[in-house]
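> I'd like to ask you about the structure that follows.
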Amino acid sequence: MDADHVRLGRIADKLAAARAKPLPPNAFGVEAHGFKLDPPLPLAAVAEFEERHEVALPSGYRLFITEMGAGGTGPGCELLPLDTSCCARRRSEHLAQPSPYLPGPRYLDDWELRYEDPPGPLRNFLRGTLTVAGHGCSLVTKLILTGPARGRLLNLDDEGPLGPYVVEDADFLAWYERWLDEAVAGYDVGWFGERLPLGEPALIAVLAEDPSSRSRATSERTPRTPDRACLSLLPSGP
């Protein structure tokens, strides 16, 4: 059994255990979905999506939506279904165009001017990325399908000043499992993915020893939680 299937089995066990316990009080969005997933997608539906958009989905994400669930419980409000995660107004080649974003510091200030098409009716905004989770208002997480960071995820406010940040996890399954672990543990997971994916001893070592100011800042960062205005737009129950 390959590593992705091993991780997928572990996620399934953790979800079943989470559903059997009282909902953690601090886990943003959990009250709405209760750790339940939608049915998985048929392989034929995923293959049709890939053919239509001329792109191959990253293997871990493809495995999750075809063997675990096509949407439902996940970071933010919930995982978005594949058939609603790409804007219908975009040209079909949007997802096949490479995303320029790389792991590192958050992109700030002039990121749209430098990396995105100018505004207009044919603009391909955030090309090469698929929205997989919403966190309230315009806060989203996207999966990078093409480009040098293929398979990674990025957070951003796609209608505001908070530019892209490629999160710390190596792929979709690692990102999803870490969210599940932190949600069950009662962590604040309202704006997830920007802390280092390390246990407490390793985080302490980073703070004490790592010469990288970026690593120290990331280990100390508290994920942003959507404000009250955003929370008012979210579903309040299962």
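The values are calculated or read from the model by the stated rules, or taken from the named source; none is laboratory data. The model shown is predicted, which means the values in this text are computed figures rather than measured ones. Glycine gets a Cβ as well: all are built from the backbone with ideal geometry, and neighbour counts include every protein chain shown. The accessibility values were calculated without ligands, DNA or RNA, using every heavy atom of the protein model including side chains. Shrake-Rupley method; radii C 1.70, N 1.55, O 1.52, S 1.80 Å.
> I want to confirm something. Restricting to region 33-43 and keeping residues that are surrounded by fewer than 16 Cβ atoms within 10 Å (Cβ to Cβ) and within 19 Å of the chain's Cα centre (by Cα), which single residue is modelled with the highest pLDDT?
Selected residue: K36.
> So which residues in region 137-182 are in contact with a Ser or Thr (Cβ under 9 Å, 6 or more places away or on another chain), of a type in the set (G, A, S) and either open to solvent by less than 10 Å² (accessible area, probe 1.4 Å) or under 18 Å from L82 (Cα atoms) (or both), if there are any at all?
Matches in region 137-182: A149, G151.
> Can you name the number of the only condition in (1) open to solvent by 70 Å² or more (accessible area, probe 1.4 Å); (2) in a helix (DSSP H, G or I) that V46 fails?
Failing condition for V46: (1).
> Tell me which residues, restricted to region 99-128, are open to solvent by 80 Å² or more (accessible area, probe 1.4 Å), more than 13 Å from L154 (Cβ to Cβ) and touching a residue at least 12 places away in the same chain (Cβ under 8 Å).
Selection gives L108, D109, L122.
> With respect to the numbered conditions (1) modelled with pLDDT of 55 or more; (2) among the basic types (K, R); (3) touching a helix residue (DSSP H, G or I) at 6+ places or on another chain (Cβ under 8 Å), which one is the sole condition not fulfilled by R216?
(1)
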